[in-house]
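This report refers to the structure that appears directly beneath it.
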Amino acid sequence: MIRRVLLCPPTYFEVRDVKNPYMKDGAAIDHAKAQQQWEALRSALKSSGVEVETIDPVKDLEDMVFSANQVFVGYHPRLGNFIVPSEMRHVSRQREVPYYVDWFRRRGYYVMSLNLYGECLEGHGDLLWQPDRSKIWAGYGFRSTERAIGKFSEAMAQLDIPVIPLRLMDEHFYHLDTSLCPLNDDAALIYAGAFSTEAVAKLRRGWKRIHELTREEASQFMGNGVVAGGKYITPRITDNLERILAHENLQPVVVETSEFEKSGGSLFCMKCVLA
Ligand code: ARG
């Protein structure tokens, strides 16, 4: 399903301002451990057959390691590879976006800038492709706003790509990638408590098989894994998750992310899938 990803080394990673319920003011990061965990993710990706590219980390951009958020990456026969730059909710993170846009522009990606007029859109934190690229699932409520998702949907409609908005209800699951993880074209992992009733109904209609994580599992980022080469790279495993993965013919690979969880992120957030 994924062939190439973009990672950002955690050189300047810190917890500074509190942006989500997992972040504690002044939480100490074990930098050696963060580096090891990031390297373990890189090796797990490589051994699953994924090509890994990196972007240079920038001093004082402490969340730049979460490369899923700064742009949305797509491909369209008319445009070729394209990105939609994010409008991050937090000022500290807005500064990351130009570095990422520049990285993609230099590699020939078409930059589709939306006029969001202060509405927020947070890339693949909230925008998830259906694996066959037939549609995009879009979360809103905490980071991306409903209006920004509306603007994004209009832009995608011009490319004939449907966008399905999903309202998020629980701030512990502030990004869609904490409570929805597509496993293949038929099956997804969800934490239903993160969504509005209507959003749960849309998810049930949209997938042949919905597998549910418990709140405990989802808040430990077990729904924030990476599917690659027949594997599910996850920060931890339970019997429930193990059964689900076996059912979908995925082999679990555990890569710990304790340091990044102090910032409210795990494996899915730490990579950007390249077109
Ligand atoms: N500290 C970061 C933030 O609050 C974590 C981002 C996690 N990324 C994600 N795609 N869920 O913005």
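The values are calculated or read from the model by the stated rules, or taken from the named source; none is laboratory data. This is a predicted model, so every value here is computed, not measured. Neighbour counts run over all protein chains shown; Cβ positions are idealised from the backbone, glycine included. When the accessible area is computed, the model is the full protein with side chains, heavy atoms only, and any ligands, DNA or RNA have been set aside. Shrake-Rupley method; radii C 1.70, N 1.55, O 1.52, S 1.80 Å.
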| Filtering region 30-63 down to residues that are closer than 18 Å to Met88 by Cβ and surrounded by 13 or more Cβ atoms within 10 Å (Cβ to Cβ), which residue is nearest to the ligand (Cβ to nearest atom)? | Asp63
| Phe66, sole failed condition from (1) within 16 Å of the ligand (Cβ to nearest atom); (2) over 26 Å from Pro162 (Cβ atoms); (3) out of contact with any helix residue (DSSP H, G or I) (no Cβ under 7 Å at 6 or more places or on another chain) | (3)
| remark: Pairs returned, first residue in region 258-273 that is more than 26 Å from Gln130 (Cα to Cα), second residue that is among the β-branched types (Val, Ile, Thr) and near the ligand (Cβ under 10 Å from one of its atoms), beta-carbon separation under 6 angstrom, 6 or more apart or interchain, are Lys262/Val15; Ser263/Val15
| Which of (1) out of contact with any Asp or Glu (no Cβ under 9 Å at 6 or more places or on another chain); (2) of a type in the set (Ser, Thr, Tyr); (3) within 30 Å of Val15 (Cβ to Cβ) does Ser113 not meet, given it meets every other one? | (3)
| So Glu242, is it open to solvent by less than 60 Å² (accessible area, probe 1.4 Å) and part of a helix (DSSP H, G or I) | no
| task | Output the residues belonging to region 218-244 that are within 16 Å of the ligand (Cβ to nearest atom) and without any contact (Cβ under 8 Å) to a residue 60 or more places away in the chain. | result | Ala218, Ser219, Gln220, Phe221, Met222, Gly223, Asn224, Gly225, Thr234, Pro235
| said: I need the full set of residues from region 176-216 which are under 18 Å from the mean Cα position of the chain (by Cα), open to solvent by 10 Å² or more (accessible area, probe 1.4 Å) and more than 16 Å from the ligand (Cβ to nearest atom), in order please. | reply: Asn184, Asp185, Ala192
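Restricting the search to region 245-258, which residues are buried (at least 19 other Cβ atoms within 10 Å of the Cβ) and either under 17 Å from the mean Cα position of the chain (by Cα) or part of a strand (DSSP E or B) (or both)? Break it down into steps so the answer makes sense when it comes.
Kept after step one, since they are buried (at least 19 other Cβ atoms within 10 Å of the Cβ), are these residues of region 245-258: 245, 250, 253, 255, 257.
Val253, Val255, Thr257, listed by residue number.
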| query | With (1) within 29 Å of Asp60 (Cβ to Cβ); (2) under 17 Å from the mean Cα position of the chain (by Cα); (3) open to solvent by 60 Å² or more (accessible area, probe 1.4 Å) as the list, and Glu122 as the residue in question, which single condition is left unmet? | reply | (3)
| remark: Selection from region 76-95 of residues within 15 Å of the ligand (Cβ to nearest atom), within 15 Å of Asn115 (Cα to Cα) and open to solvent by less than 20 Å² (accessible area, probe 1.4 Å) yields Ser86, Met88
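Quick check, is Asn69 of a type in the set (S, T, N, Q) and open to solvent by 50 Å² or more (accessible area, probe 1.4 Å)?
no
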